[in-house]
Amino acid sequence: MNGVEAFRYLQAEVTAWRHYLHENPELDYRLHDTARFIAEKLASFGIDHIETRIAETGIVALIEGKCAHGPTIALRADMDALPILERSKKLWSSRVSGTMHACGHDGHIAMLLGAAKYLTTTRSFKGTVALIFQPAEEDGLGGQRMVEAGIMDRFSISKVFGLHNVPGMEVGTFSICHGPIMAALDEFDLIVKGRGACG
C-alpha cells in the first residue's frame, strides 16, 4: 500500500474517536477524562511504556521500531478545548455547556492515536517514536511545563513534529516549512488615530 491508502482502514475508527472527544471537551490542565481515554487507547494498541500525569494531565508514550537503534522522534498533539458555547447542532456536538473543541484539538488527538495504532502494528522504522499528548495549549503553557518536567532529556527526544488542521486547505494536502512554525502566540494592541471623512 502506498500513501494515504495505507491508513484508509483506520478512517472510521479515528473519526469515531474524534466525535467522542468533541462531545466531551475539557479545559486547560483539567483533562482527566481525555487523558484516561488516550491512555486506555494506547494500552489497547499494545504500547507498554505509557507515562501519565506529566504537567498534571500530559502523556508520553514510547513505540520502539523493529530496529531499536536509532533516534527518538516525537509526534505531538494538544488536548484542551476552549471556553466557547457550541451551536453547530452536529450529532457529535459538545455535551459540556460552554466548552467546545473549536480549535480542532479533538482532531489532533484522534490523528495521533491513529498514527500510534498504525506504528504499533507495523513498527517498520528505526529507533523510537515518542507520542506527546500535551495539556493547556490554549494559553496555559502546557508545552513549556512538559519540557520543564524533563521529557526531552528523559526520553532522549531529538526532534518534535506536530501539525494543526487548517480549514480551507485542500483535503489530503499539507503545508510545511523548514524550522519552527506556529511556535508561539503574541498579542498586541493597534490604535489608529485620525479624522473620519465622508465621501
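The values are calculated or read from the model by the stated rules, or taken from the named source; none is laboratory data. Small disclaimer: the values here were computed from a predicted structure and weren't measured. All Cβ positions, even for glycine, are placed from backbone atoms using ideal geometry, and neighbour counts span all protein chains on display.
Points worth noting:
- Residue in the range 182-191 that is modelled with pLDDT of 95 or more and either within 17 Å of I50 (Cβ to Cβ) or not β-branched (V, I, T) (or both) present: no
- Any pair with Cβ under 7 angstrom, 6 or more apart, that starts in the range 37-56 at a residue that is farther than 13 Å from A110 by Cα and ends at one that is among the hydroxyl-bearing types (S, T, Y): F45/T120; G46/T120; I47/T120; E56/Y29
- Looking only at the range 96-113, and only at residues there that are surrounded by fewer than 20 Cβ atoms within 10 Å (Cβ to Cβ) and not polar (S, T, N, Q), the one that is farthest from D139 (Cα to Cα): V96
Let's see how each residue does on (1) closer than 21 Å to Y20 by Cβ; (2) in contact (Cβ under 8 Å) with a residue 40 or more places away in the chain; (3) not acidic (D, E):
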| site | (1), (2), (3) |
| --- | --- |
| T99 | yes, yes, yes |
| A102 | yes, no, yes |
| D106 | yes, yes, no |
| A110 | yes, yes, yes |
| G114 | yes, yes, yes |
| K117 | yes, yes, yes |
| F125 | no, yes, yes |
| E138 | yes, yes, no |
| G142 | no, yes, yes |
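- Residues in the range 9-31 that are hydrophobic (A, V, I, L, M, F, W, C) and in a helix (DSSP H, G or I) were compared, and the one that is surrounded by the fewest Cβ atoms within 10 Å (Cβ to Cβ) is A12.
- Total residues in the range 149-186, condition free of Cβ contacts under 8 Å to residues at least 12 places away in the same chain and not in a loop (DSSP other than H, G, I, E, B): 3
- Complete set of residues in the range 120-159 that are in contact with a Gly (Cβ under 9 Å, 6 or more places away or on another chain), within 17 Å of D78 (Cα to Cα) and surrounded by fewer than 20 Cβ atoms within 10 Å (Cβ to Cβ): R145, A149
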